[in-house]
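Participant: Below is the structure I would like to discuss, written out as structure tokens.
Any read-out appearing in this document is the output of simple, stated calculations on the displayed coordinates, not a laboratory observation. Every value quoted in this text rests on a predicted model; they were computed, and no experiment measured them. Don't worry about glycine lacking a Cβ; one is built from the backbone with ideal geometry, like all the others, and counts go over all protein chains shown.
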Amino acid sequence: MENLVQELAAWPRERVEALIAQAQPHDVDAAIAREERSVADLAALLSPHARPRLETMAHEAQRLTRWHFGRTIGLYAPIYLSNVCAADCLYCGFATHSGNKERRITLEPDAIRAECKSLSAHGFENVLLLTGEAPNVATIDYLVEAVSIANEYFSSVSIEMYAMDLEQYTRLCEAGLEGVTLYMETYDRETYIRVHQAGVKQDYEHRLNALERAGQAGTWKLNLGVLLGLFDWRVDALWMALHARYLQKHCWRSAVAISFPRLRHAPQRFEIPAPVSDADLVHMMLAMRLFLPEAGMVVSTRESAEFRDRLIPLGVTFMSAGSSTRPGGYATCGEETLEQFEIEDSRPPEEVARVIAAAGYDPVWKDFDRAFHV
Ligand code: SF4
């Protein structure tokens, strides 16, 4: 059986670019009309010729989303456990050489409890625990304890951290971990190596295979993404879709979801190499929904309130709300610690829930995936 590295090796950049460039308007129409879509269909849907057909794609995306997910949007919030990081990703505020001087901390168990309590009071049942890449500070024992604490307050706990090995994911699953979010950032090796200048994250294949290890360890939810702005979004979207499809096939017990994090503000030392417009982002989301009708789609508070509201009917199934990207940001440290990136949608969670309901969707605080666990 082919592994992910081999599968992606069959789709080098030149082949993907050519497939997208060759797509004609009639290929886009045919791709929209089909029930099951091939990689060539996805390339057509991502191509510039699909741009005048976004409205038709939006109707199909809406139909598929309602069929597979109903009229529900799950709400979640991130809890940053630590902003200590030994890696040096050029685009990130936590990077060890970012030049940021604000306070770096790792929350003690009491502070983790306080953060959990604060979010739980808003009604959240679904949280994402985050750290930088600091396995000597946020050790596996520390993370096991953090997951256990979070489990006392929430029905679903996920993590977004450094890529781990199978044994580490297994230990976290035993502590009650349900999901792993891990963005490849970009699938283009050259760009990947250029922007990741230190740390374990430099190991492209170790990161690429991490979600499969998490699935093998028994996590129910696998969430992948590319950091939009690092590389040509069309090519990265196609590679990410192949990765998602691979996970659906090989980790069939897990629900696969895709996030769409977009670089909007970068640290001073980094210029965003391939900016992605609002229209590009909508285009990519619609193409992904048509190719992967069963995948969850996640939009975070990196995006503005107005833009997020417009995305609601286009296939979104999860949204974060009321987020802070600094450790202790909800209950313990206020604004004195270093944040990872600026939040664009700062509305309180209750307001986001009201907007979702006004759009005709049910905001879901509890994680409905759990009902399907075997
Ligand atoms: S993206 Fe993650 S690993 Fe990279 S510098 Fe930021 S926190 Fe560290």
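Participant: Check which residues have an amide H placed less than 5 Å from LEU228's amide H, if you skip close sequence neighbours.
Facilitator: Close amide H contacts, sequence-distant or interchain: ARG262, LEU263.
Participant: Report the antiparallel proportion of the DSSP beta bridges in the chain as a percent, rounded to a multiple of 5.
Facilitator: On the way: 2 of 35 bridges.
In the chain, approximately 5 percent of DSSP beta bridges are antiparallel ones.
Participant: Right, next: Whole angstrom only: what separates the Cα centroid of segment 1-15 from the Cα centroid of segment 303-364?
Facilitator: About 36 Å separates the Cα centre of segment 1-15 from the one of segment 303-364.
Participant: Can you tell me the dipole magnitude for the chain around its Cα centre, using point charges on the Cβ only (Lys, Arg +1; Asp, Glu -1), in Debye to the nearest 20? It would help to have the intermediate numbers written out before the result.
Facilitator: On the way: 37 positive and 52 negative charges, 92 e Å.
That gives a dipole near 440 debye.
Participant: Ranked highest first by the average count of other Cβ atoms within 10 Å around their residues, in what order do 38-49, 93-104 fall? List each step's numbers first, then the result.
Facilitator: Numbers: 38-49: 21.2, 93-104: 17.1.
So the peptides 38-49, 93-104, ranked by packing, come out 38-49, 93-104.
Participant: Oh, and also: Working out 0.36 nm times the residue gap between ARG63 and TRP252, then minus their Cα-Cα distance, what length gain in nm do you get to one decimal? Provide the component values of the computation, followed by the final result.
Facilitator: On the way: separation 189, 0.36 × 189 = 68.04 nm, distance 2.36 nm.
Difference between extended and current length: 65.7 nm.
Participant: Something else now. Comparing TYR142, TYR183, TYR80, which has the greatest mean-square fluctuation in the GNM of the chain with Cα pairs linked when under 10 Å apart?
Facilitator: Judging by the Gaussian network model, the answer is TYR142.
Participant: Now, a different point. Helix-only mean residue ellipticity at 222 nm, the chain, DSSP H runs n ≥ 4 weighted -39,500 (n - 2.57), per residue, nearest 500. What is it? Numbers along the way, then the final one.
Facilitator: Numbers: 15 runs with 155 residues, N = 374.
Value at 222 nm, helices only, nearest 500: -12500 deg cm²/dmol.
Participant: Mind giving me the FRET efficiency for SER38 and LYS101? R0 is 45 Å, r the Cβ-Cβ distance, nearest 0.05 is fine. Numbers along the way, then the final one.
Facilitator: On the way: r = 51 Å, r/R0 = 1.13.
Once the sixth-power term is evaluated, E becomes 0.35.
Participant: If we count other beta carbons within 10 Å of each Cβ, what is the order of LEU130, LEU64, fewest first?
Facilitator: The order, fewest Cβ neighbours first, is LEU64, LEU130.
Participant: Sequence neighbours fewer than 8 away in the same chain don't count; with that in mind, list the lysines whose C-alpha is under 26 Å from LYS249.
Facilitator: LYS201, LYS221
Participant: Given H placed on each backbone N at 1.01 Å, which residues far from ALA257 in sequence or on other chains put an amide H within less than 5 Å of it?
Facilitator: Amide H to amide H, under 5 Å and 5 or more residues apart or across chains, ALA257 pairs with LEU222, ASN223, LEU224, GLY296.
Participant: Hey, another quick one. If I build a Gaussian network model for the chain, linking alpha-carbon pairs within less than 10 angstrom, which residue out of ASN209, ASN136, ASN151 has the largest mean-square fluctuation?
Facilitator: Result: ASN136 has the largest fluctuation of those listed.
Participant: Using the 4.7 Å Cβ rule, please list in number order the cysteines from the chain without any candidate partner.
Facilitator: CYS85, CYS116, CYS173, CYS251, CYS333
Participant: Within a 10 angstrom radius of the beta carbon, how do THR337, THR219 rank from fewest other beta carbons to most? Provide the component values of the computation, followed by the final result.
Facilitator: On the way: THR337 21, THR219 25.
Listed from fewest to most nearby Cβ atoms, that is THR337, THR219.
Participant: What's the exposure ranking of TRP67, TRP239, going from fewest to most Cβ atoms within 10 Å?
Facilitator: Numbers: TRP67 10, TRP239 19.
If I rank by nearby Cβ atoms, fewest first, I get TRP67, TRP239.
Participant: Connecting C-alpha atoms closer than 10 Å in a GNM of the chain, tell me which of ALA146, ALA87, ALA111 has the biggest fluctuation.
Facilitator: The residue that fluctuates most here is ALA111.
Participant: May I ask you to list the GluC sites (Glu not before Pro) in segment 271-374 that are in a DSSP loop and have at most 11 other Cβ atoms within 10 Å of their Cβ? Could you put the intermediate results ahead of the total?
Facilitator: Working: sites: GLU271, GLU294, GLU303, GLU306, GLU335, GLU336, GLU339, GLU342, GLU344, GLU350, GLU351; in loops: GLU271, GLU294, GLU303, GLU335, GLU336, GLU339, GLU342, GLU344.
Of the GluC sites (Glu not before Pro), the ones in loops of segment 271-374 whose Cβ has at most 11 other Cβ atoms within 10 Å are GLU271, GLU335.
Participant: At 0.36 nm per residue, and after removing the present C-alpha to C-alpha distance, how many nm does the segment from ARG15 to GLU205 gain when stretched out fully?
Facilitator: Numbers: separation 190, 0.36 × 190 = 68.40 nm, distance 2.07 nm.
Contour length minus Cα-Cα distance gives 66.3 nm.
Participant: Rounded to the nearest 0.05, what FRET efficiency is calculated for GLN197 and ARG71 with R0 set to 45 Å and r the Cβ-Cβ distance?
Facilitator: Working: r = 44 Å, r/R0 = 0.99.
Working from the Cβ atoms, E equals 0.50.
Participant: Once a ≥ b ≥ c are taken as the square roots of the eigenvalues of the Cα gyration tensor of segment 1-92, is the result rounded (a/c under 1.5), prolate (a/b larger than b/c) or oblate (a/b not larger than b/c)? Provide the component values of the computation, followed by the final result.
Facilitator: On the way: a/c = 2.08, a/b = 1.29, b/c = 1.62.
Note, shape of segment 1-92 comes out oblate.
Participant: Please find the FRET efficiency linking ALA357 to ASN136, where r is the Cβ-Cβ separation and R0 is fixed at 45 Å, and quote it to the nearest 0.05.
Facilitator: Working: r = 45 Å, r/R0 = 0.99.
After rounding, the FRET efficiency stands at 0.50.
Participant: What is segment 71-372 by shape, rounded, prolate or oblate, if you read a ≥ b ≥ c off the alpha carbon gyration tensor as root eigenvalues and call it rounded for a/c under 1.5, prolate for a/b larger than b/c, and oblate otherwise?
Facilitator: It comes out rounded by the Cα gyration axes.
Participant: In whole Hz and in residue order, list the ³J(HN,Hα) couplings for segment 148-163 that follow from phi through the Karplus curve 6.51 cos²θ - 1.76 cosθ + 1.60, θ = phi - 60°; x for Gly and Pro.
Facilitator: Once θ is set to phi - 60°, the couplings for segment 148-163 become 4, 4, 4, 5, 6, 10, 10, 8, 9, 10, 10, 10, 10, 9, 5, 5 Hz.
Participant: Tell me which of TRP252, CYS92, ALA77 sits at the most positive position along the dipole axis of segment 71-372, charges placed on C-beta atoms (Lys, Arg +1; Asp, Glu -1).
Facilitator: In segment 71-372, that residue is TRP252.
Participant: Could I ask something else about it? Report the gain in length on full extension from GLU336 to HIS122: 0.36 nm times residue separation, minus Cα-Cα distance, nm rounded to one decimal. Display every interim value, and only then the final one.
Facilitator: Numbers: separation 214, 0.36 × 214 = 77.04 nm, distance 2.26 nm.
Using 0.36 nm per residue and subtracting the Cα-Cα distance, I get 74.8 nm.
Participant: Students often check this: by mean Cβ neighbours within 10 Å, which of 195-205, 311-321, 167-177 ranks highest, and how do the rest follow? Write down the numbers at each step before the final one.
Facilitator: Working: 195-205: 17.3, 311-321: 22.2, 167-177: 19.1.
Taking the mean over residues of other Cβ atoms within 10 Å, the ranking is 311-321, 167-177, 195-205.
Participant: I've got another one for you. Taking amide H positions as placed 1.01 Å from N in the peptide plane, with prolines and chain starts having none, which residues 5 or more places from ILE73, or on another chain, fall under 5 Å of its amide H?
Facilitator: Correct list: ASP362, VAL364.
Participant: Using θ = phi - 60° and the Karplus curve 6.51 cos²θ - 1.76 cosθ + 1.60, what whole-Hz ³J(HN,Hα) does each residue of segment 236-253 get, with Gly and Pro shown as x?
Facilitator: For segment 236-253, the Karplus-derived couplings read 4, 4, 5, 4, 5, 4, 5, 4, 4, 5, 4, 5, 4, 6, 8, 10, 5, 7 Hz, x marking Gly and Pro.
Participant: Next up: Can you work out the Karplus-derived ³J(HN,Hα) for every residue in segment 43-50? Use 6.51 cos²θ - 1.76 cosθ + 1.60 with θ = phi - 60°, whole Hz, and x for glycine or proline.
Facilitator: 4, 5, 5, 8, 6, x, 5, 7
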